[in-house]
Amino acid sequence: MALPATRRRNIGIMAHIDAGKTTVTERILFYSGRIRKVGEVHDGETTMDFMEEERARGITIMSAATYLQWQDQMITLIDTPGHVDFTVEVERSLRVLDGAVAVFDAVSGVEAQSETVWRQATKYSVPRLCFINKMDRMGANFAASVADIRAKLVEPVPVPVQLPIGSEAAFAGVVDLVEMKAVMFNDEKGFSVVDIPPEMKEAAAAAREKLVEDVSDVSDVVLEKFLHGDEITPAELRAAIRAGTIKGTIAPVLTGSALKNKGVQALLDAVCWYLPAPEELPPVKGVRPRTEEHVECPADPSLPPAVLAFKTVGDPNGDLTFVRIYSGTVQQGMKLWNPGRNREERVGRIVRMHADKREALDSAVAGDIVAFVGLKFTITGDTLCDDDRPVVLESMDFPDAVISMSVEPKTRGDRDKLNEAMAQIAKEDPTFRRHTDSETGETIISGMGELHLEIVVSRLKSEHKVEAVVGRPRVAYRQTLAAPVDAEGRHVKQTGGHGQFGVARVRFEPLVGSSEVEFENDIVGGAIPKEYIPAIEDGIRAYCTEGGDLRFPFVGLKAVLHDGKYHDVDSSELAFVAAGKLAIRTAVEKVGTTILEPIMRFEVTVPEEFTGPVMGDLNRRRAVVSENIEKAGAKIIRGKVPIAEMFQYSTTLRSMTQGRGNFSLEPCEYAAVPQSIAKKVVEERVAQRKAQQAAK
């Protein structure tokens, strides 16, 4: 029997790499009774990191779902990766979750990927809690971490509901600011509730007053009592914190040390107290595909089904499609309609996941996150619904790839096997792209970073039993026009009989900072019939995608069609597609192009004695440093750097810092390549294409 929606929570654990997400998840599973033995990341034995690559590398690569019970609540939990190369896993998980726990390292505070996942949660209006982990580490500072969150992440505002008692090796417990009691940890993985120590009473009273002040905006009861100096009960304060969290104005902050089994039970309590049930959030919005009517899909099991597929995992016994059911009830064997593919799907089986293990269900209802087995056409972002009441839910946007490399099988006989394996990986991972170079026949794979593609190649071998030979990484360059220009595309072939006639005059201008190609029709009168105008746009966009002679796609470009000519007999859509292509080709010949390169936001953390060599090396890599601060005895260097300069950087950094430095990269923007380097890029590209054509 399904639990009512009010007794369910759908949450995710998100953080920068090494902040302790998977360790927090492992302790949550242990204390809730879901597992009997705690596994450690460094031993490769955690429940949620079940992939061979995850256990070997000690990092989370794919988000994994599980479920557990705490108090009287059923909690579905998704553990997400912290490495930026796998940010798609965070993106699609947050799209379907009702709440999140953001984990921070008490020493490092807000790190690069902390900001990324926080922005992703804000994008989907996900209420969240903060858990400041590793309070037992040397250099741990709770107040500094809260201030860091408040300064860098802005909204929702972090509001401590606990204060640590001691820090580093002296971390002994926390003050519960709601109950105004001390929770002292002991060596038996338990705790005891006692009075607040005398030396903490003044700080606790001030923090409690600040907490009341922060939540009074969302509770008339708390505000009135606060203004009159009346006592506020824990239940009243808890209700106000919950209201502010669900509204998205505050984020309650807790603390502990997951590795040392401290503070996890209180975190679970906070999930139940403060994060919303499915029905407490606004209904998800969708569109009727046949009428474009906007509709809402409340978390009501009695309504027609509205289901969003957010993840696909290949399986020899039938692909697993992870779904969030927003409305309705889905039974095993039920037929659902996929309006995006115009296909009917049959739900072969419904399973609830516990990492890589499955529990069969007869049905699932609004608010559930489960997996369907047996779907044939549905991919990430697709909606499944009732054919009589079709709806398309808002999908997800995924970032463009920033590096690529060639790949080919070691033996010719493995070519089909390689293609099948890459097709399956592409189905599972929307940020993994592959295409065949039309001139050379090379297979090119693209992804979010070196580690991303390295793991793809490793999976080809370990999971799909295909040995592949890969080329060196290539930067995903783009280009735009060097200057505004007016150009004519004239496609005229009239040699008797039915000819071809299409003339388009287009103004082109570069759009600084944009990654789009925009098209406008500014024709006055009937110089070109309306039915041919989309064909001109198609021609321009096709050329931009192909990337001209260099094969670097065009971005940051605006095309305004302002004049042209047509012929009553010889004009056609194909003629105007060709005219559109010729217009932009002519524009390129007139003013040339500016080569653009992907810029990454970086964060490097090193012991202070290595700062000089690291800074010198970053300068040689064309890095622009924006911040160089000291935190807990280490230097944190932040800024922007071209990805072309960062290949194999991990090896260099380890060498310079005796293995004690670490770094992270995050896609940021495209920027113009310096002229001297652009010339070299173009020369290399031309030489490369000539060699490929000669080999072909």
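Throughout, read-outs are computed from the coordinates displayed, never taken from laboratory work. Quick caveat: nothing in here was measured; it's all calculated off a predicted structure. Cβ sites come from the backbone with ideal geometry, for glycine too, and all protein chains shown count toward neighbours.
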Anisotropy class of region 7-280 from Cα gyration tensor, a/c 1.5 cut: prolate
Contact order normalised by residue count of region 468-566, Cα under 8 Å, 6+ apart, percent: 38 percent
Label point distance in nm, D570-S676, each placed 7 Å from Cα along Cα→Cβ: 5.2 nm
Gained length - D522 relative to K335, 0.36 nm times residue gap less alpha-carbon distance: 62.6 nm
Under-5 Å amide H pairs with H16, H placed in peptide plane, nonlocal only: S114
Under 15 Å, Cβ to Cβ, from A207 - net charge with Lys/Arg +1 and Asp/Glu -1: -2
Neighbourhood net charge (9 Å Cβ-Cβ; Lys/Arg +1, Asp/Glu -1) for V641: +3
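Highest first, please rank the peptides 672-680, 159-167, 251-259, 298-306 by the mean number of other Cβ atoms sitting within 10 Å of their residues.
251-259, 159-167, 298-306, 672-680
Using a cut-off of 14 Å between beta-carbons, work out the net charge of the residues near G12 (Lys and Arg +1, Asp and Glu -1, G12 not included).
+4
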Length-normalised contact order for the chain - Cα pairs under 8 Å, 6+ apart - percent: 10 percent
Proximal lysine pairs, region 483-591, alpha carbons under 19 Å, eight or more residues apart or interchain: 8
M138-T495 pseudo-label distance in nm [points 7 Å out on the Cα-to-Cβ vector]: 8.2 nm
Prolate/oblate/rounded call for region 338-497, Cα gyration tensor, a/c under 1.5 rounded: oblate
Two-site FRET efficiency, D387 against D195, from Cβ-Cβ distance with R₀ of 60 Å, rounded to 0.05: 0.45
GluC sites (Glu not before Pro) restricted to DSSP loop in region 224-276 with at most 15 other C-beta within 10 Å: E231
Gain in span if fully extended, D230 to N186, counting 0.36 nm per residue against the direct Cα distance: 12.3 nm
Degrees separating the helix 201-215 axis from the principal Cα axis of the chain, which is the longest one: 40 degrees
Packing rank of 18-29, 443-454, 336-347, where each peptide gets the mean count of other beta carbons within 10 Å, highest leading: 18-29, 443-454, 336-347
Placed amide H near V159: partners under 5 Å, 5+ positions off or other chain: A251, V253
Three-way shape label, region 422-473, alpha-carbon gyration tensor, a/c 1.5: rounded
Amide H contacts of D382 (H built 1.01 Å from N, under 5 Å, at least 5 apart or other chain): A309
R654-E684 pseudo-label distance in nm [points 7 Å out on the Cα-to-Cβ vector]: 2.4 nm
Candidates per trypsin sites (Lys or Arg not before Pro) in region 162-240, loop by DSSP, up to 16 other Cβ within 10 Å: K189
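Based on the Cβ-Cβ distance from K210 to S458, what FRET efficiency comes out when R0 is 60 Å, to the nearest 0.05? Write out the running numbers ahead of the final one.
Numbers: r = 49 Å, r/R0 = 0.82.
It comes out at approximately 0.75.
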Two-site FRET efficiency, V157 against K123, from Cβ-Cβ distance with R₀ of 25 Å, rounded to 0.05: 0.90
